[in-house]
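Contents: one structure, followed by commentary.
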């Protein structure tokens with residue numbers, strides 16, 4: 001229903017500052033095509049792809065590439081999906097977006113917007129091995145139902161394990177909404193002490209967290225570095 005997972009799309013006020021931030025973490029840029037009128041680039045650690053969009057502020061989006069996008073719109077509308085934007089025109093890069101139940105966006109794009117970078121061509125970032133995108137949710141049951149009807153694989157909470165949603169290229173873990181909670185990109189890190197020292201040396205602020213280290217991105221996401229099990 002959604003196509004191939006593409007990227008986590010973020011709006012940024014200063015795209016050059018954002019690029020510099022991710023470079024300091026060890027991310028590299030993927031070759032991007034000119035799909036939009038606004039400046040755009042993609043940074044990656046070989047597993048995680050983050051699209052940086054210098055445009056008006058929008059919530060973080062899970063973006064998917066879905067060929068023949070126009071033909072899929074009736075089925076989405078029949079499911080009760082209401083589009084936040086719908087740009088389907090001749091001679092334009094087609095895209096639509098709609099809200100998820102928890103304040104984020106789902107973006108569907110007509111085609112890929114960058115060339116993937118094979119993970120063997122990228123050195124490990126300071127963050128470590130990307131595990132999951134952790135989402136604060138209001139109602140886990142409703143959120144699971146939302147993603148499941150779109151074709152993603154949903155696993156309810158069981159035996160103390162949080163509810164999860166998966167699709168090729170992305171794993172989502174749902175946690176209960178709490179005041180000030182933000183979406184987080186979670187990594188397994190082999191040596192948090194070394195990571196913290198290098199982050200400080202490169203001018204990046206890492207905060208202690210009960211589960212490891214926490215770094216805030218310029219776009220307002222949390223990077224959570226956890227010790228590798």
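Taking the conditions exactly as written (surrounded by fewer than 18 Cβ atoms within 10 Å (Cβ to Cβ), closer than 27 Å to residue 76 by Cα, free of Cβ contacts under 8 Å to residues at least 40 places away in the same chain and touching a strand residue (DSSP E or B) at 6+ places or on another chain (Cβ under 6 Å)), does residue 166 satisfy them or not? Yes, satisfied. Filtering the range 189-207 to residues that are assigned to a loop (DSSP other than H, G, I, E, B) and touching a helix residue (DSSP H, G or I) at 6+ places or on another chain (Cβ under 8 Å) leaves 202, 203, 204, 205, 206.
Residues of the range 31-53 that are within 30 Å of residue 196 (Cβ to Cβ) and in a loop (DSSP other than H, G, I, E, B): 45, 46, 47, 48.
If you go through the range 11-30 and keep only what is outside any helix (DSSP H, G or I) and in contact (Cβ under 8 Å) with a residue 24 or more places away in the chain, you end up with 11, 12, 13, 14, 26, 27, 28, 30. Taken over the range 136-153, the criterion of being over 22 Å from residue 96 (Cα atoms) and surrounded by 15 or more Cβ atoms within 10 Å (Cβ to Cβ) is satisfied by 136, 137, 140. Being in contact with a strand residue (DSSP E or B) (Cβ under 6 Å, 6 or more places away or on another chain), surrounded by 15 or more Cβ atoms within 10 Å (Cβ to Cβ) and over 21 Å from residue 168 (Cα atoms) holds for only one residue in 64, 21, 5, 83, and it is 83.
Against the criterion of being surrounded by fewer than 20 Cβ atoms within 10 Å (Cβ to Cβ) and within 30 Å of residue 213 (Cα to Cα), residue 47 qualifies.
Only the coordinates and a few stated rules stand behind these numbers; no lab work does. All of these numbers come straight from a predicted model, not from anything done at the bench. Cβ sites come from the backbone with ideal geometry, for glycine too, and all protein chains shown count toward neighbours.
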